[in-house]
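These notes concern the structure reproduced below.
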Amino acid sequence: QVQLVESGGGLVQAGYSLRLSCAASGRTFSSYAMGWFRQAPGKEREFVAAISWSGGYTYYADSVKGRFTISRDNAKNTVLLKMNSLTPGGTAVYYCAASYCSRSCSTMGEYDYWGQGTQVTVSS
């Protein structure tokens, strides 16, 4: 049982950076792999990034690789997504999710718990 709450979304100008956070509650937080997904208007939800339970492995969608960084602090039950060089294509609702998955953990079906999402709007 994990409850997730995203925060940090908002309006940002293209080229700038934004950091999202995901606060998790639950005794087994450190046992979960964590991921970020996003859903743009009129589009399907897509994978953004994932991090293993230990934080030792990260995986990124090609579209964000090199610009986004996922990290976690198990002591604080927090997962972060640092987004650099944002473009209007980054406009979406960003969701935090928890999973028992292994390997890449890049599909929605692998995740058991989801946050409510936080809106990110990137202006041109």
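The values are calculated or read from the model by the stated rules, or taken from the named source; none is laboratory data. Here the structure is a predicted model, which is why all the values come from computation and not from measurement. Cβ: placed from backbone, ideal geometry, glycine included. Neighbour counts: every protein chain shown. Surface accessibility is based on the protein's heavy atoms, side chains included, excluding ligands, DNA and RNA. Shrake-Rupley method; radii C 1.70, N 1.55, O 1.52, S 1.80 Å.
Here the Karplus relation 6.51 cos²θ - 1.76 cosθ + 1.60, evaluated at θ = phi - 60°, turns the backbone of segment 119-124 into coupling constants of 7, 10, 10, 10, 8, 8 Hz, with x for every Gly and Pro. Look at the alpha carbon pairs under 8 Å that are at least 6 residues apart: their mean separation over the length of the chain gives a relative contact order of 36 percent. Comparing Cα centroids, segment 79-124 and segment 1-71 end up 4 angstrom apart. Couplings 3J(HN,Hα) for segment 44-49, derived from phi with the Karplus relation 6.51 cos²θ - 1.76 cosθ + 1.60 (θ = phi - 60°), are 6, 5, 10, 6, 10, 7 Hz, where x marks Gly and Pro. 3J(HN,Hα) couplings calculated from phi for segment 90-97 with the Karplus curve 6.51 cos²θ - 1.76 cosθ + 1.60 (θ = phi - 60°) are, in sequence order, x, 5, 5, 8, 9, 10, 9, 9 Hz; Gly and Pro show x. May I ask for the Rg/Rh ratio of segment 18-86, computed from Cα atoms with Rh as the Kirkwood radius, given to two decimals? Here the Rg-to-Rh quotient is 0.98. Amide H contacts under 5 Å for Tyr57: Ser52, restricted to partners 5 or more places along the chain or on a different chain, H placed in the peptide plane at 1.01 Å from N. The simple spin-label model puts a point 7 Å past each Cα toward its Cβ; for Thr28 and Leu11 those points are separated by 4.2 nm.
The chain: D in µm²/s via Stokes-Einstein (Kirkwood Rh, Cα pairs, 37 °C, 0.692 mPa s)? Walk me through the numbers before you get to the answer.
Details: Rh = 14.1 Å.
Calculated translational D: 233 µm²/s.
The packing ranking, built from the mean of other Cβ atoms within 10 Å per residue, places the peptides 78-85, 50-57, 39-46 in the order 78-85, 50-57, 39-46, highest first.
Rounded to a whole number, what % of the accessible area of the chain do carbon and sulfur atoms account for, probe 1.4 Å? Intermediate values should be presented prior to the final figure.
Working: 3060 of 6310 Å².
C and S fraction of accessible area: 48 percent.
In this structure the chain gives 51 Å² per residue of accessible area when probed at 1.4 Å with all protein chains present. Backbone amide hydrogens, once placed in the peptide plane, bring Tyr113 within less than 5 Å of Ala98, excluding anything fewer than 5 places away on its chain.
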